[in-house]
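The values are calculated or read from the model by the stated rules, or taken from the named source; none is laboratory data. It should be emphasised that the depicted structure is a prediction, and the values quoted were computed from it without experimental measurement. Every residue, glycine among them, receives a Cβ derived from its backbone with ideal geometry; neighbour counts consider all protein chains shown. Just so you know, the surface numbers come from the protein's heavy atoms only, side chains and all, with ligands and any DNA or RNA stripped out. Shrake-Rupley method; radii C 1.70, N 1.55, O 1.52, S 1.80 Å.
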Amino acid sequence: MIDSMQNEEWVKEISDELASGQYPKWPNEIMLKLIFGGDNYLSKSLKPTKDWKVLDVGCLFANNLLPFSEIGCDCYGVDIHPKMVKTAQIVADNRGIKAKFEVGHNRSLPYPDNYFDLLLSIGTIHYESSEDLMMDALSEFNRVLKPGGVACIMTTGQEHDLYKRAEVLGAHRYKITNFDFRDGNIFYFFDTEKYFEYFLKKYFKHVEVGRVTEKLMNFTVDQYISISIK
């Protein structure tokens, strides 16, 4: 989990992105395909409705809540610092995204048991620095989901430049190096899709795992993706 100094680094990063206008404004494309793509991608297709409660863990600029707000879902977001929560609320209000935001993180979500129909974790689970902490996060995701609720989890794959530049510490722990303001952070990477699936199945009844790799001109993005049902 990110410590207080790293929290402040995130606050600075988010403030800089907001000031420049260079921040994510649209939902994650893979998340949209998985949740709104019907039978094209999943053996058990999802049909979000306006009565769903949706939580985005690590919501940043609330962009991933946009499609759910548009169909009338009850939307929520958490992030790690009050200033980041305030930013999310300002951006959401300005863009007409109806959502409520609070301070929270992977292992501490300020909501009751069995509350959400859908939980989004887009690039957050690997911020835990050990297997035990990662498992605590998955347990917390499970706790706040209703029976039959869905977790959409995406995390860094082994071809991602973030992963490939990192220093290997052992036991799936990596120190981020030569990348960006996150240098020095300890991340937990799953290394393979099978390993990712193995842990998800400890907490969810139905798990589907995939992978998306994009080899761009100067950068490779690699994501393990999953839809898991409680």
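Checking the condition within 21 Å of Val57 (Cα to Cα) and either among the hydroxyl-bearing types (Ser, Thr, Tyr) or at pLDDT below 95 (or both), which residue from Thr155, Thr192 passes? Reasoning before the result, please.
On the way: Thr192 fails: within 21 Å of Val57 (Cα to Cα).
Answer to the check: Thr155.
Contact list please: Cβ distance under 7 Å, first residue in the range 133-156 and surrounded by fewer than 22 Cβ atoms within 10 Å (Cβ to Cβ), second residue acidic (Asp, Glu), pairs at least six apart or on different chains.
Arg143/Asp113; Lys146/Asp117
Run Asp191 past the list (1) in a loop (DSSP other than H, G, I, E, B); (2) acidic (Asp, Glu); (3) touching an Asp or Glu at 6+ places or on another chain (Cβ under 9 Å); (4) surrounded by 13 or more Cβ atoms within 10 Å (Cβ to Cβ) and report the number of the one that doesn't hold.
(3)
If I filter the range 112-132 down to residues being in contact (Cβ under 8 Å) with a residue 60 or more places away in the chain and over 14 Å from the mean Cα position of the chain (by Cα), which single residue comes out as farthest from Asp74 (Cα to Cα)?
Here the answer is Ser129.
Among the residues of the range 79-104, which ones are closer than 17 Å to Pro27 by Cβ and either out of contact with any Ser or Thr (no Cβ under 8 Å at 6 or more places or on another chain) or buried (at least 21 other Cβ atoms within 10 Å of the Cβ) (or both)?
Scanning the range 79-104 gives Asp79, Ala88, Val91, Ala92, Asn94, Arg95, Ile97, Ala99, Phe101.
With the range 20-135 as the region, which helices (runs of 4 or more DSSP H) entirely inside it contain at least 2 residues that are modelled with pLDDT of 95 or more and over 22 Å from Thr155 (Cα atoms)?
In the range 20-135, 66-70, 82-95 are the helices (runs of 4 or more DSSP H) which contain 2 or more residues that are modelled with pLDDT of 95 or more and over 22 Å from Thr155 (Cα atoms).
Is there a residue in the range 164-179 that is touching a residue at least 24 places away in the same chain (Cβ under 8 Å), among the small types (Gly, Ala, Ser) and crowded, with 16+ Cβ neighbours inside 10 Å?
Filtering the range 164-179 for residues touching a residue at least 24 places away in the same chain (Cβ under 8 Å) gives 164, 171-173.
Right, trim to among the small types (Gly, Ala, Ser) and you get 171.
Adding the requirement that they be crowded, with 16+ Cβ neighbours inside 10 Å leaves none.
No; the residues of the range 164-179 include none that is touching a residue at least 24 places away in the same chain (Cβ under 8 Å), among the small types (Gly, Ala, Ser) and crowded, with 16+ Cβ neighbours inside 10 Å.
Of the residues Tyr76, Tyr23, Tyr41, only one is open to solvent by 50 Å² or more (accessible area, probe 1.4 Å) and in contact with a Leu (Cβ under 8 Å, 6 or more places away or on another chain); which?
Tyr41
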